[in-house]
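Below: the structure, in structure tokens.
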Amino acid sequence: MADVTAVGQATAKRRKPRKKLTQTQSWKTAVRGIWEDNPAFRMMLGICSTLAVTNQLVNSMVMGIAVTAVTIASSVTVSIIRNIVPRRTRMAVYTLVIATYVIFVDQLLKAYYPTISEALGPYVGLIITNCIIMGRAESFASSNSVWLSFMDALGVGLGYFISLMVIAFIRELLGFGTLFNYNILGPNWEPWVIMVMAPGAFIILGLYIWIIRGIQGE
Amino acid sequence: MNRNRIMMIVVMVVVAAVSAALLGGVYNLTQPKVLLNREMKLKTTILDAFGIPYDPNNVEQVRELFKNSIETKTVEGITFYRDYVIENGKKVYKGIALELSGSGFWAPIKMLIVLEDDMETIRAVKILEQAETPGLGGRMTEPWFTAQFKGKKIKPTFHVVSYRKAKGPNEVDGITGATETSKAVDKILNQGTKKFFSIVKNL
């Protein structure tokens, strides 16, 4: 009697319909980093680099890709070693891991994309200090599976990338009259120089956060 | 020492060792390319400054051209490059480029200034090294900035003007939002050329 019940239960499990992609935990983890937990307008992480690189679209794009790559690599590594790292030294270990990947990326850029490396200059090295990476390592990767940590890092990285591109679009267009260094607004455009500098960065970031949070509703 | 402390030290040492090994490996693999990039950048910039054509993908050609048409000399700390051709077995010099450097806003700026035979008119200015703020001072490498210098005169003085539009043959416009970088370029150009003219009386 018991055998039949067991077989019945097993068959019932197999017959459950496959979850839609958008319902899986992996998908939800990734998408969360783009909307509900976007680093720029929800978690308030990575603000310094956002303010710094968004006066040009090219720099923002490279920065977004670099930060996403490092976040993924770091989160995955932290997740793999999460059970052997003692709690007291975890931040020091995470910093070592993050710094290693950033220096790796920096060296790759210097060797194979020297013009981009020169254009970004010190900002690549400063990715080590980007709070997004340490934030996700500490609050997610240190206590979640490797796959979910990967999805989380991917989502957060994408969210950061999108925020950078939106802000850079406005700042470069108004501040230089160009998009990706192509002149869009013509030679008679008087550039809004403030958009190129720190005050403009703060203003546009503030407006961006305000508008999107307004859309999200509290 | 209890087990926790030992684990802390072991984990830190292992992670540090793995990291160092990985980065050491990457460095060894990429450093030759990085050095090549640097060498090519210097040589192609100088060839550009003298208007000598080359194929940017042909490393050997660049090296050959540089060896056969550029003479490098350093006098009292100032390095300068002279572009020459061989006529009747003798070197005939066609142009001169001075390597000038000084402190920028964040880090040293190294640039090249190419002068015409009259030692007064600027043919070109090229930036060799800089680490100024990307998007602000960093724009000094952009063509619009360096192209301004062509045809301007370095004597009696030269100004990179930030607070108004540049007027006349002794001024160029600075970079908006990068006043300190513009001032640094001004200083490097003036001090460097003055020093050169005082040292090298005859070439």
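Please treat every number below as a calculation from the coordinates, not as lab data. Computed from a predicted model, the values in this text were never measured in an experiment. Here the Cβ is made from the backbone with ideal geometry for all residues, glycine too, and neighbour counts use every protein chain on show.
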> With springs only between Cα atoms under 10 Å, which of B:LEU189, B:LEU22, B:LEU136 fluctuates most in a Gaussian network model of chain B?
Replying inline: B:LEU22
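In segment B:1-107, which GluC sites (Glu not before Pro) are in a loop and have at most 12 other Cβ atoms within 10 Å, using DSSP for the loop call? Walk me through the numbers before you get to the answer.
Numbers: sites: B:GLU39, B:GLU60, B:GLU64, B:GLU71, B:GLU76, B:GLU87, B:GLU99; in loops: B:GLU76.
Qualifying residues, ordered by number: B:GLU76.
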>> Over all directions, the average projected area of the alpha-carbon convex hull for segment B:143-203 comes to how many nm²?
In response: 4.7 nm²
> Hey, got the dipole for the protein assembly as shown? About the Cα centre, +1 on K and R Cβ, -1 on D and E Cβ, debye to the nearest 20?
Replying inline: 1260 debye
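Chain A: longest stretch without exposed trypsin sites (Lys or Arg not before Pro) (DSSP loop, at most 13 other Cβ within 10 Å), sites themselves excluded?
After excluding every exposed loop site, the longest remaining stretch is A:21-218.
As an exercise, use a Förster radius of 25 Å and the Cβ-Cβ distance of B:ASN28 and A:THR115 to find the FRET efficiency, rounded to the nearest 0.05.
Computed FRET efficiency for B:ASN28 and A:THR115: 0.60.
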>> Using the Cα atoms of the protein assembly as shown, I'd like the radius of gyration and the largest Cα-Cα distance, Dmax, both in angstrom.
In response: 27.8, 110
>> With the alpha-carbon atoms as the only input, what is the per residue convex hull volume for segment A:157-218 in Å³?
In response: 95 Å³
> Using θ = phi - 60° and the Karplus form 6.51 cos²θ - 1.76 cosθ + 1.60, what ³J(HN,Hα) does each residue of segment A:160-167 get, whole Hz, x for Gly and Pro?
Replying inline: 4, 4, 4, 4, 4, 5, 5, 5
>> Classify segment A:85-169 from the C-alpha gyration tensor, please: rounded if a/c falls under 1.5, else prolate or oblate depending on whether a/b exceeds b/c.
In response: oblate
> Separation between the A:ILE211 and A:TRP192 pseudo-spin-labels, each 7 Å from Cα along Cα→Cβ, expressed in nm?
Replying inline: 1.0 nm
> Mind checking which of A:VAL146, A:VAL67, A:VAL76 has the largest fluctuation in a GNM of chain A, springs on alpha carbons under 10 Å?
Replying inline: A:VAL146
> Where does each of A:TYR208, A:TYR94, B:TYR27 land when they are ranked from fewest to most other beta-carbon atoms within 10 angstrom?
Replying inline: B:TYR27, A:TYR208, A:TYR94
> What is the Å³ per residue value for the convex hull set by the Cα atoms of segment A:10-148?
Replying inline: 146 Å³
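Averaging the inverse of every distinct alpha carbon separation and then flipping it gives the Kirkwood radius. What is it for chain B, in angstrom units? Mind dumping the intermediate values first?
Numbers: mean 1/r = 0.0511 Å⁻¹.
Across chain B, the inverse of the average 1/r is 19.6 Å.
My understanding is that a pair violates if its Cα-Cα distance is over 27 Å; which of B:LYS43/B:LYS195; B:LYS67/B:LYS153; B:LYS152/B:LYS194; B:LYS33/B:LYS126; B:LYS41/B:LYS150; B:LYS41/B:LYS152 do that in this structure? Intermediate results must be reported in sequence, preceding the final value.
On the way: B:LYS43/B:LYS195 24 Å; B:LYS67/B:LYS153 30 Å; B:LYS152/B:LYS194 16 Å; B:LYS33/B:LYS126 23 Å; B:LYS41/B:LYS150 21 Å; B:LYS41/B:LYS152 25 Å.
Checking Cα-Cα distances, B:LYS67/B:LYS153 exceed 27 Å.
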>> For segment B:116-169, which chymotrypsin sites (Phe, Trp or Tyr not before Pro) pass both filters: DSSP loop (anything but H, G, I, E, B) and at most 12 other C-beta atoms within 10 Å?
In response: B:TYR163
>> Which residue fluctuates most in the GNM of chain B (Cα springs below 10 Å): B:ILE109, B:ILE86, B:ILE175?
In response: B:ILE86
>> Rounded to the nearest 20 debye, what is the charge dipole size of segment A:25-216 about its Cα centre when +1 sits on each Lys and Arg Cβ and -1 on each Asp and Glu Cβ?
In response: 640 debye
> Of A:VAL97, A:THR29, A:SER60, which is farthest along the charge dipole of the protein assembly as shown in the positive direction, counting Lys and Arg as +1 and Asp and Glu as -1 at C-beta?
Replying inline: A:THR29
> Which translational diffusion coefficient, to the nearest whole µm²/s, is obtained for segment B:1-112 from the Stokes-Einstein equation, given a Kirkwood hydrodynamic radius over C-alpha pairs, 4 °C and 1.567 mPa s?
Replying inline: 72 µm²/s
> With contacts defined as alpha carbon pairs under 8 Å and 6 or more residues apart, what's the relative contact order of chain A in percent?
Replying inline: 33 percent
> Which whole-number percent gives the relative contact order of chain B, counting Cα pairs below 8 Å spaced six or more residues apart?
Replying inline: 13 percent
>> I want to check the label-to-label distance for A:ALA92 and A:GLU138. Put each point 7 Å from Cα in the C-beta direction and report it in nm to one decimal.
In response: 1.6 nm
